[in-house]
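J.: Dropping the structure in here first, questions after.
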Amino acid sequence: MKKAIYTLLLLTGFAVTANAQGFKTLPSGVQYQILTPNTGEKVKASDVVTFHVTQRTDKDSILFSSYKIGQPVKVQAQPSRNPGDLMDILPLLAVGDSAIVKIPVDTIFKGNDAQRPAFLAKGGNILCTVKIVQIQTLADAIAERNAGVAKLKAAEGTQGDAYIKKHGLVTKVTPSGLRYVITKAGVGPYARKGDSLAVHYAGRLTTEEVFDTSIEAVAKAAGTYQQGKPYQPLTFVLGVQPLIAGWVEGLQLLNKGAKATFIIPSAIGYGEQGSGIIKPYSTLVFDVEMVNITPGKHPVVKPAVTKGKTPLKKRPIVKKKN
């Protein structure tokens, strides 16, 4: 939900009326103020803008912080397409500029109050601070990204090996490149496609940084705890909900109660695209626990029979006559 709120904030816009506190107010009720104006070149259409952003509630609870995840946001400046689009304020900013924005909760969820989480009170605001880190032409940004991706691709081969060596893991490997170790044996049948599963997990980069987890204690220890997020086993039907290939394969190695560590290369992870703080060509580490398996419907697989021949086990035994 917080990621969705963040997306809404990026699509929340800016118009121009000043008030006594130095803020400018949009017709929607959004207020903003440029705190540290600089004289450098401002953002132009099609520029790629890198910036840090922090979002808090009125009670100072952090909803999102690019500082905490260790990676700024990067977007391409383009004409505003929605009322309240952040693209309306980017052309006012230069490198080093910072701004603060007050976004009414009622504006974000106007007409969709049923989607408003309880920790965002009606009549309240989300406070958003933005600091511009870099402004690039599109061509420069593409060249920088391509060079960085090539470097990450070359380095991936050592990521999993280094993690395994550091933690003293004795892993097995599948043909796809999935490496795994069962840390606790389970009971009963193994998970199959079509089964409904409940899984606890903690996802880490090979640098030990936790990028996602269903376990509250892990999130708090890693400093990634999100207020209002339900920390509970992830439930889904295996083979129906979209999952990375490494998970689909690895979960079929587990039965109820089993725990395991998966070392997932990018080829069966997030590939060359990455996702959020997961960079392209990243090897990922997942500690997983199969909390429950509810059997689903499975297709009946008929045994293969070689055309024109009866399988050896099925051949009738014929006694030779003396």
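The values are calculated or read from the model by the stated rules, or taken from the named source; none is laboratory data. As the structure is a prediction and not an experimental result, all values here were calculated from the model. Glycine gets a Cβ as well: all are built from the backbone with ideal geometry, and neighbour counts include every protein chain shown. What goes into the accessible areas is simple: the full protein's heavy atoms, side chains included, and nothing from ligands, DNA or RNA. Shrake-Rupley method; radii C 1.70, N 1.55, O 1.52, S 1.80 Å.
J.: Ranked by accessible surface with a 1.4 Å probe, highest first, in what order do Asp97, Asp106 come?
T.: Numbers: Asp97 0, Asp106 70 Å².
Ranked list, largest accessible area first: Asp106, Asp97.
J.: Probe radius 1.4 Å, ligands and nucleic acids ignored: give me the carbon and sulfur share of the accessible area of the range 150-190 as a rounded percent.
T.: Numbers: 1820 of 2930 Å².
For the range 150-190, the apolar C and S fraction of the accessible surface comes to 62 percent.
J.: If we count every other residue with Cβ under 15 angstrom of Glu272's Cβ, Lys/Arg +1 and Asp/Glu -1, where does the sum land? Display every interim value, and only then the final one.
T.: Details: positive: Arg145, Lys151, Lys153, Lys279; negative: Glu156.
Here the count lands on +3.
J.: Sticking with this structure for a sec: With a probe of 1.4 Å, find how much accessible area the range 58-186 has per residue, and write the answer as a whole number in Å².
T.: Values: 7550 Å² over 129 residues.
In whole numbers, the range 58-186 has 59 Å² accessible per residue.
J.: Just reorder Asp287, Asp60, Asp47 by solvent-accessible area, largest first, 1.4 Å probe, all chains present.
T.: On the way: Asp287 55, Asp60 95, Asp47 10 Å².
The residues order as Asp60, Asp287, Asp47, largest area first.
J.: Among residues other than Val149 whose Cβ falls under 9 Å from its Cβ, what is the net charge (Lys/Arg +1, Asp/Glu -1)? Intermediate results must be reported in sequence, preceding the final value.
T.: Details: positive: Arg145, Lys151, Lys153, Lys279; negative: Glu272.
Residues close to Val149 contribute a combined charge of +3.
J.: Tell me the accessible surface of Asp58 in square angstrom (1.4 angstrom probe, heavy atoms of protein chains only), to the nearest ten.
T.: 90
J.: Within the range 199-293, what whole-number % of the accessible surface is contributed by carbon and sulfur, with the 1.4 Å probe and all protein chains included in the calculation?
T.: Details: 2080 of 4030 Å².
Carbon plus sulfur share of accessible area: 52 percent.
J.: State, as an integer percentage, the relative contact order of the range 84-196 based on alpha-carbon contacts under 8 Å between residues 6 or more apart. If you can, show how the numbers build up before the last one.
T.: Numbers: 62 pairs, mean separation 23.1, N = 113.
Answer for the range 84-196 is 20 percent.
J.: 7 Å from Cα along Cα→Cβ at both Lys229 and Leu92: what's the point-to-point distance in nm?
T.: Label-label distance for Lys229 and Leu92, simple model: 3.2 nm.
J.: List, in the order given, every pair from Lys220/Lys279; Lys110/Lys229; Lys68/Lys153; Lys68/Lys102; Lys68/Lys172 whose Cα-Cα distance in the structure shown is over 31 Å.
T.: Where the Cα-Cα span goes over 31 Å, the pairs concerned are Lys68/Lys172.
J.: Is the range 22-133 rounded, prolate or oblate when judged by the Cα gyration tensor, a ≥ b ≥ c being the square roots of its eigenvalues, rounded requiring a/c under 1.5 and prolate requiring a/b larger than b/c?
T.: Numbers: a/c = 1.80, a/b = 1.51, b/c = 1.19.
Note, shape of the range 22-133 comes out prolate.
J.: Could you rank Ile277, Ile264 by how accessible they are, 1.4 Å probe, largest area first?
T.: On the way: Ile277 30, Ile264 0 Å².
Sorted descending by solvent-accessible area, the residues read Ile277, Ile264.
J.: Could you order the peptides 33-40, 214-221 from most to least packed, using the average number of other C-beta atoms within 10 Å per residue? Walk me through the numbers on the way to the answer.
T.: On the way: 33-40: 13.0, 214-221: 16.0.
Answer by packing, highest mean first, reads 214-221, 33-40.
J.: Now for a different question. Quickly work out the Glu41-to-His167 label distance, labels modelled 7 Å from Cα along the C-beta direction, and quote it in nm with one decimal.
T.: For the pair His167/Glu41, the computed spacing is 4.6 nm.
J.: What Kirkwood radius, in Å to one decimal, follows from the Cα pairs of the range 201-265? Don't jump to the answer; show the numbers that get you there.
T.: Details: mean 1/r = 0.0754 Å⁻¹.
Averaging 1/r across every pair of different Cα atoms and inverting gives 13.3 Å.
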